[in-house]
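Peer 1: The structure under discussion is supplied below as structure tokens; questions concerning it will follow.
The values are calculated or read from the model by the stated rules, or taken from the named source; none is laboratory data. Everything numeric here is computed off the predicted structure, so don't read it as measured data. Cβ placement follows ideal geometry from the backbone for every residue including glycine, while neighbour counts extend to all protein chains displayed. These accessible areas exclude ligands, DNA and RNA; they are computed on the full protein's heavy atoms, side chains included. Shrake-Rupley method; radii C 1.70, N 1.55, O 1.52, S 1.80 Å.
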Amino acid sequence: MARSTEKVAIVTGAAHGIGLATARILLENKYRVAIWDVNPDELDKLPRQLKADADRYLMYPCDVSAETDVQRGIAQTLERFGRIDVLVNNAGVMDEKPLEDVTLADWNRVLGTNLTGAFLGAKYAAAELAKHRGSIINIASTRAFQSEPDTFAYSATKGALVALTHALAISLGPNVRVNSISPGWIDVSDGSQTLRKKDHAQHPAGRVGTPDDVARMVLFLTDSQNDFVTGQNFIVDGGMTRKMIYVH
């Protein structure tokens, strides 16, 4: 076991989008990072994107809905780095179908990744996090509070993540802080999506969000100086959910 004096974070669903931006910002701020993702091919592409020494990160192919995968991931992270200070439960999938077309298998697949994955991560990381007064950050969504059509399982899991956050905060405090972030419209297309002027104009902040906007909030919540902040959900949406919309 390699004992690190630097803090160690696990980020799930970290091969792209918010997870990748979070892994990058943590590496830039002297964390060692275990990067978990269900897609091993995507993990293979990451080293040239991370701009960090290979000894500072661990790539782990992981289905967070599978208990044995999560247990092995915790064990491998400890074997490589010797500690765990932060868990970012970011892995998530969406299934958009009319209600009559949603199968039980569809429903369970989304619940398994988005909600059960966060539960399993917290369950098996909690003891190590407590040793270092660490923190858990769950990536929820503004879909916890508002919806578009045909996103039943996704919206349900994101609402449940917000509730799971305060349940964990009460149960694991004071040794582990637990918060959630609910992103709004975040452009994770890496430039492949053309955003229009009216897309940006929907946001009081004047623009659609980027993965870095969420990653910076993660970094804030991991800071031990912010140890009075726990059990909270932070909406990062450029003010969009505060804007009343009238159709004239």
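Peer 1: So, in the range 1-134, how many Lys pairs have Cα atoms under 26 Å apart, if the pair is 8 or more places apart or on different chains?
Peer 2: 10
Peer 1: What's the longest piece of the chain with no exposed GluC sites (Glu not before Pro), counting a site as exposed if DSSP puts it in a loop and it has at most 16 other beta carbons within 10 Å?
Peer 2: Free of exposed loop sites, the longest segment is 97-248.
Peer 1: Same structure again: Please list the equivalent ellipsoid semi-axes of the chain, computed as the square roots of five times the alpha-carbon gyration tensor eigenvalues, in descending order and whole angstrom.
Peer 2: Details: eigenvalues 162, 79, 72 Å².
Each semi-axis is √(5λ); the values are 28, 20, 19 Å.
Peer 1: Checking understanding here: applying a Kyte-Doolittle mean of at least -0.5 and a length along the axis of at least 24 Å (C-alpha), which whole DSSP H helices in the chain pass?
Peer 2: 152-172
Peer 1: Starting from the Kirkwood Rh over alpha-carbon pairs, what translational D in µm² s⁻¹ does the range 178-248 have by Stokes-Einstein at 25 °C and 0.890 mPa s? Each step should come with its number before you reach the end.
Peer 2: Working: Rh = 13.7 Å.
Using the Kirkwood radius from Cα pairs, D works out to 180 µm²/s.
Peer 1: With a 1.4 Å probe and all protein chains kept in place, how much accessible area does residue 38 have, in Å² rounded to the nearest 10?
Peer 2: 100
Peer 1: If you take the square roots of the eigenvalues of the alpha-carbon gyration tensor of the range 131-227 and sort them as a ≥ b ≥ c, do you get rounded (a/c under 1.5), prolate (a/b over b/c) or oblate?
Peer 2: Cα axes put the range 131-227 in the oblate bin.
Peer 1: Run the numbers on the chain and let me know its relative contact order in percent, using alpha-carbon pairs under 8 Å that are six or more apart.
Peer 2: 19
Peer 1: If I take R0 = 51 Å and measure r between the Cβ atoms of residue 226 and residue 103 in this structure, what FRET efficiency does the formula 1/(1 + (r/R0)^6) give, to the nearest 0.05?
Peer 2: 0.75
Peer 1: For residue 198, go through the lysines and keep the ones whose alpha-carbon is under 23 Å away, minus same-chain ones fewer than eight residues off.
Peer 2: Leaving aside lysines fewer than 8 places away in the same chain, those within reach of residue 198 are 243.
Peer 1: Can you compute the helix-only [θ] at 222 nm over the chain? Use -39500 (n - 2.57) per DSSP H run of at least 4 residues, normalise by all residues, nearest 500 deg cm²/dmol.
Peer 2: -12000 deg cm²/dmol
Peer 1: Enumerate the aspartates and glutamates that residue 158 could reach by cross-link, defined here as Cα to Cα under 14 Å, with residues fewer than 8 away along the same chain left out.
Peer 2: 95, 148
Peer 1: How long is the range 37-158 along each principal axis, judged by its Cα atoms, biggest number first, in Å?
Peer 2: Answer, in whole Å and largest first: 48, 33, 26 Å.
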